[in-house]
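The values are calculated or read from the model by the stated rules, or taken from the named source; none is laboratory data. Bear in mind that the values here come from a model prediction, so they are computed numbers and not experimental data. Please note: Cβ atoms are built from the backbone with ideal geometry, for glycine as well, and neighbour counts cover all protein chains shown.
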Amino acid sequence: MSASRHAKPRVIVTRRLPGEIEARMMELFDTRLNENDHPFSKAELIAAVQEADILVPTVTDRLGSDVIAQAGERLKLIASFGTGIDHVDLDATRARNIIVTNTPGVLTEDTADMTMALILAVPRRLAEGERLARSGQWKGWSPTFMLGHRIYGKRLGIIGMGRIGQAVARRARGFGLAVHYHNRERVHPDIEGELEATYWPSLDQMLARMDLITIHCPSTPATYHLLSARRLKLIPKHAYIFNVARGGVIDEAELVRMLVAGDLAGAGLDVYEHEPAINQKLLKLDNVVLLPHMGSATLEGRLDMGEKVLINIQTFVDGHAPPDRVIQD
Ligand code: 8YV
């Protein structure tokens, strides 16, 4: 770092973090906060990478090669607040010798809970029923009223069997779902055994056989539109799709077209291809549950993420390799 050996490094935090985390950040480092929590414009991001020793961005900051190319000599660490790292151009950071860290592990259980909430909500028409109850239009119970579909005994196809995929599988077993998965690599036999999970080397073949499909892979160039128009068409009409990972993993335009046409039973989405914009056609559909990217939004989770950011920065400042350094494949 260009700052003298004993000076505190300048840390720029792009969004408001829980108060305890900001307070600790202020104590430890020469920290600049974003008092009114507005998403940084590109110009503000460029100014931040020029002025900071350490940047703490979130998923709302697009750190593409154009921004990284303008980073000052002093920027040595990007300690991202979040697990997904698709908002940072890792080729560009590597070219500039900027270390990147994330916060893996601490939002696994919350994200898996939210996935289960969607898996229950869509086939059982939870949001639709809630809207009706509030509307004052409910005419009373009848045997054929608000019939959804049972999830017990159905086949759940998990795309991406990392930490979050496995946490979803554990919950799914409790709900009587048969767990199937596709992953770049087969998971350890002990985990497969514990989860009674069936591995499908071919994503195409798995998609064609599932009742429920949930996405838990990272967003990388290789997973962009992994659920392409061609693959979406392999999915049976009665199946539901869930996405709490990243919008770009699904060809959203085609997904919307199929939902409108009735070529899929429904969807539960927490993320979108052009976030925060949500395709207007989705808003009109009753068979989708739409959430505003809140899969990991618990106070406990945000505190744990903040702790991880602090540890990554402090370790780096102390001259060691930060524990959550992102190593590019
Ligand atoms: C976070 C997420 O809230 O960590 C991730 O990858 O998608 C979110 O749950 C967000 O990224 C914080 O930057």
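Being outside any strand (DSSP E or B), touching a strand residue (DSSP E or B) at 6+ places or on another chain (Cβ under 8 Å), more than 19 Å from Gly162 (Cβ to Cβ) and in the same structural domain as Ala127 (by TED's automatic domain parsing) is a condition met by no residue of the stretch 298-314. Among the residues that make up the stretch 174-192, is at least one of them surrounded by 15 or more Cβ atoms within 10 Å (Cβ to Cβ), of a type in the set (Gly, Ala, Ser) and closer than 14 Å to Thr214 by Cβ? The answer is yes, given that some residue of the stretch 174-192 is surrounded by 15 or more Cβ atoms within 10 Å (Cβ to Cβ), of a type in the set (Gly, Ala, Ser) and closer than 14 Å to Thr214 by Cβ. When each of Asp204, Asp251, Asp211 is tested for being under 17 Å from the mean Cα position of the chain (by Cα) and acidic (Asp, Glu), the lone residue that passes is Asp251. Being touching a residue at least 24 places away in the same chain (Cβ under 8 Å) and either in contact with a helix residue (DSSP H, G or I) (Cβ under 7 Å, 6 or more places away or on another chain) or not assigned by TED's automatic domain parsing to the domain that holds Arg16 (or both) holds for only one residue in Leu132, Leu126, and it is Leu126. Screening the stretch 139-225 for strands (runs of 3 or more DSSP E) wholly inside it with 3 or more residues that are not β-branched (Val, Ile, Thr) returns the ranges 155-159, 178-182. Considering the stretch 256-272 alone, what residues qualify as being surrounded by 20 or more Cβ atoms within 10 Å (Cβ to Cβ) and either of a type in the set (D, E, K, R) or without any contact (Cβ under 8 Å) to a residue 12 or more places away in the chain (or both)? The answer is Asp270, and nothing else. When Pro236, Pro276 are checked against the criterion of being within 16 Å of the ligand (Cβ to nearest atom), assigned to a loop (DSSP other than H, G, I, E, B) and surrounded by fewer than 19 Cβ atoms within 10 Å (Cβ to Cβ), Pro276 stands alone in meeting it. Counting only strands (runs of 3 or more DSSP E) that sit wholly inside the stretch 1-116, those with at least 2 residues that are buried (at least 22 other Cβ atoms within 10 Å of the Cβ) are 10-13, 54-56, 77-79, 99-101. Residues that are of a type outside the set (A, V, I, L, M), within 9 Å of the ligand (Cβ to nearest atom) and in contact with a strand residue (DSSP E or B) (Cβ under 7 Å, 6 or more places away or on another chain) within the stretch 65-115 comprise Ser80, Phe81, His87, listed in sequence order.
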